[in-house]
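The values are calculated or read from the model by the stated rules, or taken from the named source; none is laboratory data. Here the structure is a predicted model, which means the values were calculated and not measured. Cβ sites come from the backbone with ideal geometry, for glycine too, and all protein chains shown count toward neighbours. In case anyone asks, the SASA skips ligands and DNA or RNA and just uses the protein heavy atoms, side chains included. Shrake-Rupley method; radii C 1.70, N 1.55, O 1.52, S 1.80 Å.
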Amino acid sequence: MQSPQAVRKEAQHYRIQKVRGRAVDILYALFRYALVIGISFIIIYPLLMKFSIAFKDKADIYNPTIYMIPVHFTMDNIRMAMQILDYFPLLGNTLLFVVVTTLLTTASCALAGYGFARFNFPGSNLLFALVILTLLVPTSTLMVPMYLHFRSFDILGIIHLITGKSGLNLLNTYWPSIITSATAIGLKAGLFIYIFRQFFKGMPKEIEEAALIDGAGGVKTFLRIMLPNAVSPMITVILFCFVWQYNDTFFTSLFMSELALMPTKVSSLAAQANALIPGMLGAGGGGSAVKADPNHVAMIIDTGILLAIIPLILLYLVVQRYFVESVERSGIIG
Amino acid sequence: MNGNKLSLQHKRSLLGIAFITPWLLGFIFLFAAPLLRSIQFSFSKLTVDPSGFTLDGVGWANFNNALFVDATFNRVLTESVWDMVLNVPMILFFSLFSATLLNQKFRGRIVARAIFFLPVILASNAISAAEASGLINLVGDATAVNELGQSGSQYNVMSMVMILSDIGLPLSFVDYIVDAILRIYEIITSSGVQILIFLAALQSVPGAMYEVAKIEGATAYESFWKITFPLVSPLILTNVIYTIIDSFSGSAVTKMIFTTAFTTQNFGLSAAMSWIYTVIISIILVIVGYVLSKRVHYN
């Protein structure tokens, strides 16, 4: 038998341990919040800065007491950046281009992913290894041949046969990107094929068999049964593809440097701002010796960058929930 | 009966080929052909003329030029590779850490996740180029911009170094940690996709395993190393490879290859450079893949 004293002692010991456990839990939670908030702040800070700068008046640049919230609110920066970028035509143009290429990429990658996941044909494993190879070879290796290829575009000499010319010059048209996305070889397409393949591999075989018994052919099964179930990898691929295409400087500067697309325009923003701002402020007009205030130029550039990424942020806010969920439902892992 | 079955199988494989046809066409005409072409280019002198281009074979001269004649290529190449070697462990560590953090249950988790994946959306060469040119415009000089970026963190590095070396860590390791802290923004912004991959892996670990471990009296620390880590390890390989490949896209070498081709119009040299680069990266990938896949736990 334990003495009542020992029992009490044990109870006390137990209570202390419980309190200690609670304390550790609370401390850990606090530590975690500090970390999460800290990292989130590092990520968001540049965005907040850009927002703050976008509404700041020129007069506020040299006022050191202003940290985030401007004293003189103004829309001038936004107006000027929009004018320099030629914003709305540019945005419309870019969006149209990106939507078309995204849809084409998603379609061709879904087809290829399904083909690799569900069919056994001679060399299918070797071919899939080649898909991975397309991911591994740096794009810079293919740059020059691709450039020359699209400079005089021709498949098996057909165009040469018909017209006698050495192919079509597709540079500075939308065709290079449209062709590469329709043939699932564009921007990071290997990754998308991989995601789709992993997903379709995970779908139960019985569904397909049932569809076959009900008389659906392969194409019909794919369109009616498999695709409607593949919403989650589709959202992942569409979002990635859209964003990377929108931000891509590699292919746009290589093939379409003269077209009005957001990435090329944004990367030449600094030069444009330097050249145009004095004229806009009514000083001297174009070509005079008047130089823009570098601080002001930096402000306009920041505003321009903000204008360029705002559509992406809006898109992300809309799909973000589905996107994270879709990843959790094993779109990538499979 | 037998013949019928065979023909069904035949039909299936034809259908499969039909599904991958778009990709196959693209692969042959837009990947394999340019790839072979670029090997050819790297051994020739390429002159572009209005009607097309002409090739004159020059043997290994382009490679020789890139490696032994060109003043900067070697330096830029080693710097880029070195940067990658430094960055990969940091990014990996940070993304596994963040994924574990985001996988826990706490209030505001959804918001935190949304923010952590924001860099995936915002990572853009165009934007960083514009930002850099804005700064250069402001300061008037590219080296000053680099210095600004380093001192911009407003953080006293010296005290950090003192504390860490007082603990008795080797100085090279201290260097590495300090470097990681100074580049924290870069690391955070380039680990979005990796966090995503790790998070998906963590979600697929069955919760029952943790319960069992808890009943058996394992601490959180033990259950991380004994359960989470082994189950996530296959994805470490995926992430390492993704990170290495991802570090190509905006690296100094890529830019150099681009300017060699399109500014100085030396296409042969550019092709040789890019092949040296490709070979080095492939060797790294093979070594990393081999070493890691031996240690990875597959269930």
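Please verify whether segment B:215-223 includes one or more residues that are under 21 Å from residue B:94 (Cα atoms), more than 10 Å from every other protein chain (Cβ to nearest Cβ) and of a type in the set (Phe, Trp, Tyr). There is at least one residue in segment B:215-223 that is under 21 Å from residue B:94 (Cα atoms), more than 10 Å from every other protein chain (Cβ to nearest Cβ) and of a type in the set (Phe, Trp, Tyr). The combined condition, being modelled with pLDDT under 85 and hydroxyl-bearing (Ser, Thr, Tyr), is fulfilled by residue A:140. Taking the listed residues B:243, B:219, B:260, B:264, the one that is crowded, with 21+ Cβ neighbours inside 10 Å and without any contact (Cβ under 8 Å) to a residue 24 or more places away in the chain is B:260, with no other qualifying.
Considering only residues in segment B:16-30 that are aliphatic (A, V, I, L, M) and at the interface with chain A (Cβ under 7 Å from one of its Cβ atoms), the one that is nearest to residue A:123 (Cα to Cα) turns out to be B:17. What pairs come up if the first residue lies in segment B:31-48 and is under 20 Å from residue B:264 (Cβ atoms), the second is crowded, with 21+ Cβ neighbours inside 10 Å and among the small types (Gly, Ala, Ser), and their beta carbons are under 6 Å apart, counting only those six or more places apart or on different chains? Close Cβ pairs (under 6 Å, with a partner that is crowded, with 21+ Cβ neighbours inside 10 Å and among the small types (Gly, Ala, Ser)) amount to B:38/B:271; B:41/B:268; B:41/B:271; B:42/B:271; B:42/B:272; B:44/B:268; B:45/B:268; B:46/B:268. Here the helices (runs of 4 or more DSSP H) wholly within segment A:24-137 that include at least 1 residues being over 27 Å from the mean Cα position of the chain (by Cα), under 30 Å from residue A:199 (Cα atoms) and free of Cβ contacts under 8 Å to residues at least 60 places away in the same chain are A:124-136. In segment A:68-108, which residue that is hydroxyl-bearing (Ser, Thr, Tyr) and in contact with a Phe, Trp or Tyr (Cβ under 9 Å, 6 or more places away or on another chain) is surrounded by the most Cβ atoms within 10 Å (Cβ to Cβ)? Checking each candidate, the answer is A:105.
Just to check your reading of the model, which residue among B:95, B:80 is at pLDDT 90 or above, in a helix (DSSP H, G or I) and under 28 Å from the mean Cα position of the chain (by Cα)? Steps first, please.
Values: B:80 fails: at pLDDT 90 or above.
Only one candidate passes the filter, namely B:95.
Restricting attention to segment B:31-45, does a residue exist that is more than 9 Å from every other protein chain (Cβ to nearest Cβ) and small (Gly, Ala, Ser)? Taking every residue of segment B:31-45 in turn, at least one turns out to be more than 9 Å from every other protein chain (Cβ to nearest Cβ) and small (Gly, Ala, Ser).
Is it true that residue B:282 is open to solvent by 20 Å² or more (accessible area, probe 1.4 Å), in contact (Cβ under 8 Å) with a residue 60 or more places away in the chain and either closer than 29 Å to residue A:139 by Cβ or facing another protein chain (nearest Cβ under 10 Å) (or both)? Break it down stepwise before answering.
Values: open to solvent by 20 Å² or more (accessible area, probe 1.4 Å): yes; in contact (Cβ under 8 Å) with a residue 60 or more places away in the chain: no; either closer than 29 Å to residue A:139 by Cβ or facing another protein chain (nearest Cβ under 10 Å) (or both): yes.
Answer is no for this residue.
Quick one: count up the residues across segment A:13-47 that are small (Gly, Ala, Ser), more than 14 Å from residue B:107 (Cα to Cα) and either facing chain B (nearest Cβ under 8 Å) or in contact with a Lys or Arg (Cβ under 6 Å, 6 or more places away or on another chain) (or both).
Residues of segment A:13-47 small (Gly, Ala, Ser): A:21, A:23, A:29, A:34, A:38, A:40.
Among the residues that remain, those that are also more than 14 Å from residue B:107 (Cα to Cα) are: A:21, A:23, A:38, A:40.
This time we only want the ones that are either facing chain B (nearest Cβ under 8 Å) or in contact with a Lys or Arg (Cβ under 6 Å, 6 or more places away or on another chain) (or both), so: A:40.
Total satisfying the criteria: 1.
Residues in segment A:5-24 that are open to solvent by 100 Å² or more (accessible area, probe 1.4 Å) and at pLDDT below 85: A:5 only. Flag: residue B:198 matches the condition of being surrounded by 15 or more Cβ atoms within 10 Å (Cβ to Cβ), at pLDDT 85 or above, within 20 Å of residue B:288 (Cα to Cα) and within 26 Å of the chain's Cα centre (by Cα). Of the helices (runs of 4 or more DSSP H) lying entirely inside segment A:181-268, those containing at least 3 residues that are open to solvent by less than 40 Å² (accessible area, probe 1.4 Å) are A:189-202, A:231-247, A:250-255, A:262-267. Based on this model, can you work out whether residue A:57 counts as among the acidic types (Asp, Glu) and surrounded by 11 or more Cβ atoms within 10 Å (Cβ to Cβ)? Spelling it out, residue A:57 is indeed among the acidic types (Asp, Glu) and surrounded by 11 or more Cβ atoms within 10 Å (Cβ to Cβ). Considering only residues that are closer than 17 Å to residue B:274 by Cβ and touching a Lys or Arg at 6+ places or on another chain (Cβ under 6 Å), which ones fall in segment B:52-73? If the condition is that a residue be closer than 17 Å to residue B:274 by Cβ and touching a Lys or Arg at 6+ places or on another chain (Cβ under 6 Å), then B:58 is the only one that fits. Residue A:193 falls short on exactly one of the conditions (1) more than 10 Å from chain B (Cβ to nearest Cβ); (2) in contact (Cβ under 8 Å) with a residue 24 or more places away in the chain; (3) not basic (Lys, Arg), and that condition is (1). The single condition among (1) within 26 Å of residue B:194 (Cα to Cα); (2) open to solvent by less than 60 Å² (accessible area, probe 1.4 Å) that residue B:97 does not satisfy is (2). Please find, among A:174, A:194, the residue that is of a type in the set (Phe, Trp, Tyr), within 23 Å of residue B:286 (Cβ to Cβ) and modelled with pLDDT of 85 or more. It is A:194.
Residue count for segment B:241-279 satisfying the condition of being assigned to a helix (DSSP H, G or I), within 8 Å of chain A (Cβ to nearest Cβ) and of a type in the set (S, T, N, Q): 4.
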